[in-house]
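Working notes, beginning with the structure itself.
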Amino acid sequence: MSRRRLLPPEPPPCLLRRRPSSQKGGTLIAEDVWDRGEHEQRLCAPDGYRPSFCRKCSGVVLHVHDYRERRLRAEPGRPVARIIRHSCVACAAIWQTLPAFLARHLWRTWPVVERAMTGARATAAEPDRRAAAWPKVPERTQRRWRSRWFAAARFLVRIVAACGEEIWAALAQTLGLDATRADLVAAYAASIATPAGRRLGAVAALIDRLEPQVRLM
Ligand SMILES: [Zn+2]
């Protein structure tokens with residue numbers, strides 16, 4: 001028995017826009033950095049975040065260019081994250097590397113966004129006392145996020161299906177073309193055991209790796 005449901009609405013254009021590739025450098029996501037402690041360690045280690053090669057010219061000599069501060073809103077703890085940028089000696093492209101927990105474009109960390117969308121705690125062990133300290137995300141912001149969360153994931157499913165990796169092709173197959181972004185995240189978390197708090201960030205990083213500049217949220 002099939003249960004017909006309404007097609008999800010299209011996502012806003014900002015989630016689909018692709019910047020021209022003439023841009024010198026760009027953003028890389030460190031998909032294995034999920035907490036502040038690890039992030040600080042990587043910042044301090046000389047090669048912690050140094051890209052192994054330049055995505056623009058394949059050059060292998062990259063130097064630290066500078067550090068930038070990213071302000072975060074509605075963040076438990078310190079509302080700032082320091083971000084490192086490297087420059088390629090050969091072509092002068094500048095690459096900033098973001099830890100996986102930072103939600104690009106949203107001024108938040110992914111656990112904050114995930115918590116607002118799903119109610120999931122960052123970790124099962126998170127004490128309630130600390131949970132109460134999470135600042136509230138304004139209702140208007142949550143509404144905007146929710147409209148993206150329940151928007152069509154068709155474009156993302158196509159990207160995942162076409163990437164040539166069997167595991168992602170299978171994932172796309174289970175979703176079909178009328179899945180929402182929430183469905184995509186749920187299916188990802190079911191197929192790759194992903195702890196709560198990391199689910200949105202993991203899918204966003206995957207999409208960014210397969211098709212840079214395309215956004216989950
Ligand atoms: Zn280069």
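The values are calculated or read from the model by the stated rules, or taken from the named source; none is laboratory data. Quick caveat: nothing in here was measured; it's all calculated off a predicted structure. No Cβ is skipped: glycine too gets one built from the backbone with ideal geometry, and neighbour counts run over all protein chains shown. Ligands, DNA and RNA are excluded from the accessible area calculation, which covers all protein heavy atoms including side chains. Shrake-Rupley method; radii C 1.70, N 1.55, O 1.52, S 1.80 Å.
Residues of segment 57-88 being more than 22 Å from Leu106 (Cβ to Cβ), touching a Ser or Thr at 6+ places or on another chain (Cβ under 9 Å) and not in a strand (DSSP E or B), which ones?
Of everything in segment 57-88, just one residue is more than 22 Å from Leu106 (Cβ to Cβ), touching a Ser or Thr at 6+ places or on another chain (Cβ under 9 Å) and not in a strand (DSSP E or B), namely Val60.
Taking the condition at pLDDT 95 or above, open to solvent by 30 Å² or more (accessible area, probe 1.4 Å) and within 17 Å of the chain's Cα centre (by Cα), does Arg215 pass? Please lay out each step first, then the result.
Details: at pLDDT 95 or above: no; open to solvent by 30 Å² or more (accessible area, probe 1.4 Å): yes; within 17 Å of the chain's Cα centre (by Cα): yes.
For Arg215, the condition - at pLDDT 95 or above, open to solvent by 30 Å² or more (accessible area, probe 1.4 Å) and within 17 Å of the chain's Cα centre (by Cα) - is not met.
When you go through Arg154, Arg181, Arg146 one by one, which is the residue that is open to solvent by less than 40 Å² (accessible area, probe 1.4 Å) and of a type in the set (D, E, K, R)?
Values: Arg154 fails: open to solvent by less than 40 Å² (accessible area, probe 1.4 Å); Arg146 fails: open to solvent by less than 40 Å² (accessible area, probe 1.4 Å).
Answer to the selection: Arg181.
Residues are listed down the side, and each one gets a yes or a no for (1) in contact (Cβ under 8 Å) with a residue 24 or more places away in the chain; (2) within 16 Å of the ligand (Cβ to nearest atom); (3) among the hydroxyl-bearing types (Ser, Thr, Tyr); (4) open to solvent by 80 Å² or more (accessible area, probe 1.4 Å):
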position: Lys56; (1), (2), (3), (4): yes, yes, no, yes
position: Val61; (1), (2), (3), (4): yes, yes, no, no
position: Asp66; (1), (2), (3), (4): no, no, no, no
position: Arg82; (1), (2), (3), (4): yes, no, no, yes
position: Pro99; (1), (2), (3), (4): yes, no, no, no
position: Leu102; (1), (2), (3), (4): yes, no, no, no
position: Arg108; (1), (2), (3), (4): yes, no, no, no
position: Glu114; (1), (2), (3), (4): yes, no, no, no
position: Thr118; (1), (2), (3), (4): yes, no, yes, no
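Of everything in segment 31-54 that's of a type in the set (A, V, I, L, M, F, W, C), assigned to a loop (DSSP other than H, G, I, E, B) and closer than 20 Å to Ala205 by Cα, which residue is nearest to the ligand (Cβ to nearest atom)? Give the steps one after another, and end with the answer.
Taking segment 31-54 and keeping what is of a type in the set (A, V, I, L, M, F, W, C), we get 33-34, 43-45, 53-54.
Within this subset, residues satisfying the condition of being assigned to a loop (DSSP other than H, G, I, E, B) are 33-34, 45, 53-54.
With the extra rule that they be closer than 20 Å to Ala205 by Cα, the set shrinks to 33-34, 53-54.
Numbers: Val33: 23, Trp34: 28, Phe53: 8, Cys54: 3 Å.
It comes out as Cys54.
Can you tell me which of (1) on the phi < 0 side of the Ramachandran plot; (2) surrounded by 17 or more Cβ atoms within 10 Å (Cβ to Cβ) is the one Ala74 doesn't meet?
If we test Ala74 against (1) on the phi < 0 side of the Ramachandran plot; (2) surrounded by 17 or more Cβ atoms within 10 Å (Cβ to Cβ), just (1) comes out false.
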